[in-house]
Amino acid sequence: MLDPNSFTEKSRQALVAAQQLAQSHAHPQVEPAHLALVLFQDEAGLARRLVEKAGADPREVERQLDQLVRAIPSQSPPPAQLGLSSDLARVIQDAQKAQTKQGDSHLAVFSASLVTPARVKTGASLRSASSAATSSRRRVMAR
């Protein structure tokens, strides 16, 4: 079950931005590629840093994500309301499982950004990205 009250403000903002991106392309649903692209468009965001730390070029990842978003079929007329695709709902549920496992009270953006690249081609190994995320999380928790 997706409980928006369990999301951090940054996570909610990312989901709203993903929905706006889907609407701007007249897509029928919000897909994982929309969320991933929004996360990678944040120049100072964790998604970019994790992929960079994993040895991939974040600009290339963003370019590939943009291509994925543009390849999603549009609908004319566009839908009045957009829902989450079943794939994106699964991505968020996986992130929520990671949140629970880590003992976090809210779903942080970096949880979603860790799971999302696993669902789209990024050029970075998931193990490297996971390792980078874990070390980043430890530094944040140590503060």
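Throughout, read-outs are computed from the coordinates displayed, never taken from laboratory work. Bear in mind that the values here come from a model prediction, so they are computed numbers and not experimental data. Glycine also receives a Cβ, built like all others from the backbone with ideal geometry; neighbour counts cover every protein chain displayed.
Could you give the distance between the Cα centres of the stretch 53-79 and the stretch 87-109, to the whole Å?
Their Cα centres are 22 Å away from one another.
Amide H neighbours of Leu107 under 5 Å, counting only residues 5+ apart in sequence or on other chains, H built in-plane at 1.01 Å?
The answer is Phe7, Thr8.
Quick check: pseudo-label points 7 Å beyond the Cα along Cα→Cβ at His25 and Glu9, how many nm apart are they?
2.9
Karplus couplings for the stretch 16-33 from phi (6.51 cos²θ - 1.76 cosθ + 1.60, θ = phi - 60°), rounded to Hz, Gly and Pro as x?
For the stretch 16-33, the Karplus curve yields 5, 5, 5, 5, 5, 4, 4, 5, 5, 9, 6, 7, x, 9, 8, 10, x, 5 Hz.
On full extension of the chain, what length is gained from Asp66 through Gln41, given 0.36 nm per residue of separation minus the C-alpha to C-alpha distance?
Numbers: separation 25, 0.36 × 25 = 9.00 nm, distance 0.98 nm.
Between Asp66 and Gln41, full extension yields an extra 8.0 nm.
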